[in-house]
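To keep things clear, I will list the structure first and then write my remarks on it.
Read the figures in this text as sums done on the coordinates, not as results from a lab. Note that the coordinates shown come from a computational prediction; the quantities given were computed from them, not determined experimentally. Ideal geometry is used to build each Cβ from the backbone, glycine not excepted, and the neighbour counts take in all protein chains shown.
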There are 2 protein chains.
Amino acid sequence: MRLHAQHQPIALMRADCHVCRSEGLSSRSQVLITADDRQVQALLYQIDSEMLAQDEVALSEDAWDALGIADGAVVQVRHPPVLESLAGVRQRIYGRRLGQEDMVAIVGDVVRGRYTDVHLSAFLTATATLPLSIDETIFLTRAMVDVGDRLSWEAPIVVDKHCVGGLPGNRTTPLVVAIAAANGLVMPKTSSRAITSPAGTADTMEMLAPVDLGIEQLQHVVRTEGGCVAWGGAMHLSPADDIFVRVERELDIDTEGQLIASVLSKKIAAGATHVVIDIPIGPTAKIRSREAAERLAAHLTETASHFGLALRCLYTDGSQPVGRGIGPALEARDVLAVLRNEPARPQDLRERAARVAGAVLELGGAALAGQGEALALQTLDSGRAWEKFARICAAQGGLREPPQAAHIEPLVALQAGRVVHIDNRKLSRLAKLAGAPERPAAGVSLRARLGEEISRGQPWLFLHAQTRGEMAYALEYARHAGDIITIEA
Amino acid sequence: MRLHAQHQPIALMRADCHVCRSEGLSSRSQVLITADDRQVQALLYQIDSEMLAQDEVALSEDAWDALGIADGAVVQVRHPPVLESLAGVRQRIYGRRLGQEDMVAIVGDVVRGRYTDVHLSAFLTATATLPLSIDETIFLTRAMVDVGDRLSWEAPIVVDKHCVGGLPGNRTTPLVVAIAAANGLVMPKTSSRAITSPAGTADTMEMLAPVDLGIEQLQHVVRTEGGCVAWGGAMHLSPADDIFVRVERELDIDTEGQLIASVLSKKIAAGATHVVIDIPIGPTAKIRSREAAERLAAHLTETASHFGLALRCLYTDGSQPVGRGIGPALEARDVLAVLRNEPARPQDLRERAARVAGAVLELGGAALAGQGEALALQTLDSGRAWEKFARICAAQGGLREPPQAAHIEPLVALQAGRVVHIDNRKLSRLAKLAGAPERPAAGVSLRARLGEEISRGQPWLFLHAQTRGEMAYALEYARHAGDIITIEA
């Protein structure tokens with residue numbers, strides 16, 4: 001039986017099973033499960049039911065994967081060893097700073113699945129209430145890098161980029177990789193799939209080429225083309241990060257120290273040496289003021305320097321979505337339109353990509369200071385970026401066209417006026433209700449920009465859905481969600 | 001199907017069920033389950049299995065109980081409403097103090113089962129890293145009282161007692177109730193069952209009389225006899241406390257503010273007006289120094305005064321177990337031996353009970369200052385305490401004799417010398433491995449006291465077990481646990 005539990009190893013056993021009784025295992029306690037030479041620690045729930053045979057164990061996906069076993073395999077279940085690293089968490093709760101060894105022990109046990117939600121939340125909360133010091137952030141970052149795998153590249157300079165918090169539709173990554181690689185830089189980009197958003201960079205890229213590359217294929221693509229856009233999920237780079245992020249999302253908190261450790265550990269593990277950080281600032285973005293952005297940038301840069309990582313932070317407009325599409329296929333169309341210099345290409349996406357790519361080119365030594373953005377635009381205009389992108393896609397397994405949704409419905413303005421506000425969160429929710437990212441063709445195509453005049457009856461958004469049911473859900477939400485965009489007469 | 005999950009409402013559904021798909025429910029998210037007019041919020045896990053029918057839901061015990069439904073009932077499952085009170089937790093994480101309204105909202109949602117382990121742990125950790133202020137402790141205590149039921153008594157003075165942290169075998173409660181009631185005080189004692197210890201007061205009392213009393217019967221016993229020792233678990237007094245305690249135990253933390261709110265909310269909800277707090281101090285006790293005990297006492301007293309609760313704290317010896325028995329029946333035998341003035345009665349239990357009862361008598365106005373302890377001893381010596389206890393047991397449903405274990409084995413000293421240390425935690429573990437509290441007759445009977453001389457081969461402890469298997473477990477542990485008592489030549 002497979003139990004879906006998002007990175008949490010879980011075991012179900014009957015309350016009356018012999019092992020539970022003789023070992024004294026109780027429900028909602030941690031157990032150690034061993035199969036041959038592999039083991040995983042799991043949360044045990046006991047059931048009263050014939051669903052399971054007397055001495056049978058049901059496991060969650062993560063537990064199956066960690067043990068590498070098949071249905072019907074024999075496992076041992078017993079009390080786990082004492083969780084020594086929890087002493088560090090307890091001391092941190094009471095205000096004692098953590099050292100390198102504490103962090104190594106904590107992060108190691110987290111990745112081995114030995115921390116429960118209660119333990120994880122306590123660690124993250126304690127380091128939010130008494131924020132991580134720069135030293136602690138460095139220790140945590142190093143521990144997160146060391147516990148996972150690490151990619152290495154033959155090039156002396158390896159560039160990368162990251163966008164803090166994310167904006168709907170802000171799909172600059174494929175464009176930046178194409179521009180950087182077209183100008184001779186090495187940019188092996190690993191990206192994530194959507195977790196709560198309507199599309200992750202990997203989801204969007206997958207509309208254009210395969211992204212689930214093995215490490216060998218990844219290295220081949222980068223060796224021949226200088227860049228790639230692959231899914232990083234299978235690569236075990238900073239595996240603690242995924243676990244921390246899940247808990248932070250559940251709390252809806254985001255602390256600076258954890259953010260820095262999260263971003264830098266992924267980049268260092270991916271083998272980057274020069275990284276551009278895009279920090280969108282806006283009322284519904286993660287960073288809401290210039291001061292907050294500058295403080296974050298200063299701490300990011302200081303921490304990065306301890307790892308020999310060169311960093312450049314860009315402050316960008318986070319007040320509205322980027323491009324038109326929100327959803328894997330719709331965002332991929334925006335990317336293609338910019339690369340192919342189509343007349344209807346979204347200008348804002350093109351400009352943002354050029355700005356980020358310009359910083360990458362300068363930081364990586366492919367452009368003189370102040371000339372990166374112009375070189376980036378010229379790389380797009382000349383078709384060299386599109387040519388490079390097509391070659392990267394071919395190397396990843398073949399360029400393809402994004403799918404088209406079966407159903408498209410407009411939302412029209414009920415009054416004329418000027419667009420004064422766009423709610424990014426509601427737009428994301430709408431795109432997800434329409435089916436994104438599970439249905440790759442689904443999502444929304446936004447036709448309104450801040451400051452634009454709009455007339456009564458004018459479509460300001462198109463909903464794309466694969467099924468009538470999902471379209472109905474999205475329309476229902478649009479009717480009752482309050483203002484998604486605000487129009488002032 | 002019943003899933004055991006210790007106060008956590010959980011739902012299992014098939015990943016491919018129609019409701020999950022159309023509502024967009026994902027695994028490990030919270031769902032709202034409604035049956036008729038009752039509802040509960042639960043953690044959803046999705047499974048791939050024929051164990052459940054397509055649109056069937058399996059629930060944990062707490063979810064069943066909250067909904068009050070039977071197997072086969074029809075329920076609705078959907079997204080829960082937004083958890084507004086979490087905004088308060090988030091602000092507290094970042095250091096803003098909480099007010100009365102915040103606490104009411106948080107505690108209310110906790111009791112409604114809307115907080116996940118991640119949320120609960122964050123709240124408790126934030127209030128440990130930046131400790132609860134006295135004001136916050138008062139707000140939290142009040143919110144915890146108000147969210148549950150509250151007992152009321154006709155008497156103007158209602159006495160109670162509490163022991164902080166607990167010591168193995170420290171079963172003074174039945175003795176104190178008997179002494180207080182014999183001297184005309186009203187002492188309606190509600191106690192808990194063991195959670196991680198070898199016996200709770202309710203488990204021990206159950207060896208002597210029924211403890212699972214309804215509210216009507218409880219009031220009848222108290223009206224006729226002045227006192228009772230009943231199980232408080234069914235009474236919904238400060239229900240948030242049980243939830244917080246479970247999470248604190250998982251973290252193995254114990255913060256002063258939470259401890260104060262926990263103790264006082266239970267006492268206030270039980271209708272007490274005058275409370276004696278026994279604070280054992282010792283190297284393996286919860287409170288390890290006189291200074292820590294005095295600080296706790298000062299904060300307890302200040303907080304209690306805001307609720308019109310009169311408090312008296314006693315500092316007692318927490319360096320070794322009290323009495324001989326550890327385990328429900330063995331502790332009940334110690335209680336009986338003291339009440340019946342048997343020659344082999346454990347003197348330390350008698351003395352501690354007299355000291356606590358003396359404070360209760362003085363605080364409740366049944367003895368002049370400085371004369372309580374003497375009155376308590378005299379109440380025991382004269383047989384009046386035993387007579388009152390027998391009447392209370394009869395009113396609760398009938399006095400009975402504790403059971404005797406089927407197997408008894410001695411542990412003998414391997415060398416002669418003086419007992420210089422006793423490890424309370426290892427003793428508790430040993431008693432549990434022998435079967436306590438599930439097997440009420442099981443446990444240990446300790447025959448060594450600190451400072452006593454012991455000869456080689458002398459039995460210093462007797463193991464009591466119901467089955468050969470459990471006896472073998474306990475013996476195995478005793479052989480490998482290192483020093484349970486330390487003997488110096």
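The residue among B:Pro440, B:Ile392, B:Leu375 whose Cα reaches farthest toward the positive pole of the charge dipole of the range B:371-462, with charges on the beta-carbon of Lys, Arg, Asp and Glu, is B:Pro440. Local charge for A:Arg223 was computed over the other residues whose Cβ lies under 12 Å away, with Lys and Arg +1 and Asp and Glu -1, and equals -3. Ordering B:Ile484, B:Gly365, B:Gln404 by the projection of their Cα atoms onto the charge dipole of the range B:331-489, which places +1 on the Cβ of Lys and Arg and -1 on the Cβ of Asp and Glu, puts B:Gln404 at the extreme positive end.
When the charge dipole of chain A is built from unit charges on Cβ atoms (+1 for Lys and Arg, -1 for Asp and Glu) and taken about the Cα centre, the candidate among A:Ala337, A:Ala304, A:Leu43 whose Cα reaches farthest toward its positive end is A:Ala337. Within 10 Å of the Cβ of each residue in B:44-51, the mean number of Cβ atoms contributed by other protein chains is 6.
Hydrodynamic radius of the range A:122-191 by the Kirkwood approach over all distinct alpha-carbon pairs: 15.3 Å. For A:Ala292, the distances from its label point to the matching points in the remaining copies are 3.9 nm, ordered from shortest, with each point set 7 Å beyond Cα toward Cβ. Taking every alpha-carbon pair under 8 Å whose residues sit at least 6 apart, the range A:239-309 reaches a relative contact order of 31 percent. Given the C-alpha centroids of the range A:222-262 and the range A:125-195, what is the distance between them in whole angstrom? So the two Cα centres are separated by 7 Å.
Counting beta carbons within 10 Å around each of A:Leu363, A:Leu140 and listing the fewest first gives the order A:Leu363, A:Leu140.
The mean number of partner chain beta-carbon atoms within 10 angstrom of a residue's beta-carbon across peptide A:25-32 is 3. Across the copies of the chain, A:Ala70 has label points (7 Å from Cα along Cα→Cβ) spaced 4.5 nm apart, shortest distance listed first.
In percent, rounded to a whole number, the relative contact order of the range B:1-135 is 27, using alpha-carbon pairs under 8 Å and six or more apart. When each of A:Met103, B:Met51, B:Met187 is scored by the number of other beta-carbon atoms lying within 10 Å, the sequence from fewest to most is B:Met51, A:Met103, B:Met187. In plain terms, the residue of B:Phe462, A:Phe123, B:Phe244 with the fewest other Cβ atoms within 10 Å comes first and the most crowded comes last, giving B:Phe462, B:Phe244, A:Phe123. Overall, chain A carries a charge dipole of about 1080 debye about its Cα centre when +1 sits on the Cβ of Lys and Arg and -1 on the Cβ of Asp and Glu, all other atoms neutral. Summary of the geometry: the range B:344-359 and the range B:443-489, compared by the centres of their Cα atoms, lie 25 Å apart.
Seen from B:Ser121, the other residues with C-beta closer than 11 Å to its C-beta sum to a net charge of -4, counting Lys and Arg as +1 and Asp and Glu as -1. Computed extension gain for A:Tyr315 through A:Ala416, at 0.36 nm per residue and net of the alpha carbon distance, reaches 33.1 nm. Semi-axes of the equivalent ellipsoid for chain A, computed as √(5λ) from the eigenvalues of its C-alpha gyration tensor and ordered from largest down, come to 40, 28, 23 Å. Placing R0 at 45 angstrom, the Cβ-Cβ distance between B:Arg288 and A:Asp212 gives a FRET efficiency of 0.25 after rounding to 0.05. Which percent, nearest 5, of DSSP beta bridges in the protein assembly as shown are antiparallel? Here the antiparallel bridges make up roughly 55 percent for the protein assembly as shown. With label points set 7 Å from Cα along Cα→Cβ, the inter-copy distances at B:Arg38 are 4.3 nm, sorted shortest first.
Under the criterion of Cα pairs below 8 Å and six or more residues apart, the relative contact order for chain A equals 14 percent.
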